[in-house]
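The values are calculated or read from the model by the stated rules, or taken from the named source; none is laboratory data. Since the model is a prediction, treat every value here as computed from it, not as a measurement. Ideal geometry is used to build each Cβ from the backbone, glycine not excepted, and the neighbour counts take in all protein chains shown.
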């Protein structure tokens, strides 16, 4: 059955004493656990609350305190080793375990939100694998203690225990530590794999794959031509030449960042290396798109090789967020992949056409008010999206003086709203026409009733990604959302 679907996380790094932030503070004295029916419940640890307020008296004032500082002080108390401070040591550990329980739940919630709907599971299915601490009450004069539910077994320890044994605030945040251990948990990874989720980024997957391995995989599983495989391997070699070298330089400076999407500068260098070594010339957009496509095929291979169920496309590309319903490897896979490719092409084509239409309509509408609006508007769009400049930086370059004047000129919220509406209207019929080639009348009827809602979710996610990036931009670097990249592609073509 052809079924499209779309698929957030808010980091709580700071808290202060106010009505709006009490819930955040309470993470240090409220313990998240599973009840006898494996349902989530939260238990308040009164002794932990009293202890935390004693350790941080400023919590009685309206003063911001960072999680990092709280966790570092609790960790130091937990490792103090003073016999006279046994109770305080236990309470410090209790506060940290409470916080860890919240973070474990948050990671599972994120996984369920991002991958669950299209892969047949939810957050609740993940919790039993990793939320395995529980509260044991001590005597009346002793604080509550936390331990794993299998304290009788010397060979077993809860995930929270593992986190606390290895956590070092000098080497990273507790959030990062918990996130890593949850996603590396063997049983959780096995469950996700069985549901078609392979928790490795495209860039780590490409970074860790040797050209010889890629050659074997693409020859055995995908039956591509020798020329196609040769081109794919050459691109991977150019990716390694640039990307691995940069990561090596990062390590030499002490940085251990996870594999991120290549920057615009890296993509240019990859394209140049490929042209130098093979004579093949690709745009940076094509380099990025083809790297995603290679990683998507590698992901499918890794999942099937480990006995998992295939999720039809990569999870990372905004333009490929619509998912075809997961399935076992069957004869229908080729048809599904063909449908996905057609849909992706139509989506990008329609997005490009809509951008051109909306921008042209905006210019015609506003030229009546000011004859020079076209050049100012296009220049401001380019400087903001393609160079990452702020409104203050842009203003003098288009003969304006104030930031709000640039904001008023661009009207980005209106622009995105128009794009969203026009995309929804025109893409629906295109997708239905394409689906007729692959689905019977019953499936088409179902798709027809659901399609507007599904496309609305998909298009909204593209718009929300762009809005989020605009609110938290990396200054003087091109914006990297799909909408921004396609807009820059359009502006480049218009200027030529």
**Request:** Pull up the stretch 374-395, narrow it to residues that are touching a helix residue (DSSP H, G or I) at 6+ places or on another chain (Cβ under 6 Å) and surrounded by fewer than 18 Cβ atoms within 10 Å (Cβ to Cβ), then point me to the one that is farthest from residue 424 (Cα to Cα).
**Result:** 392
**Request:** Inspect the stretch 242-258 for any residue being buried (at least 16 other Cβ atoms within 10 Å of the Cβ), modelled with pLDDT of 90 or more, assigned to a helix (DSSP H, G or I) and more than 22 Å from the chain's Cα centre (by Cα) and give the result as yes or no.
**Result:** yes
**Request:** Examine the stretch 396-407 for a residue that is modelled with pLDDT under 75, more than 23 Å from the chain's Cα centre (by Cα) and assigned to a helix (DSSP H, G or I), and state whether such a residue exists.
**Result:** no
**Prompt:** Residue check: is residue 367 under 30 Å from residue 193 (Cβ atoms), at pLDDT below 85 and not assigned by TED's automatic domain parsing to the domain that holds residue 117?
**Reply:** no
**Request:** Give 496, 450, 458 a once-over and let me know the one that is out of contact with any strand residue (DSSP E or B) (no Cβ under 7 Å at 6 or more places or on another chain), buried (at least 18 other Cβ atoms within 10 Å of the Cβ) and at pLDDT below 80.
**Result:** 458
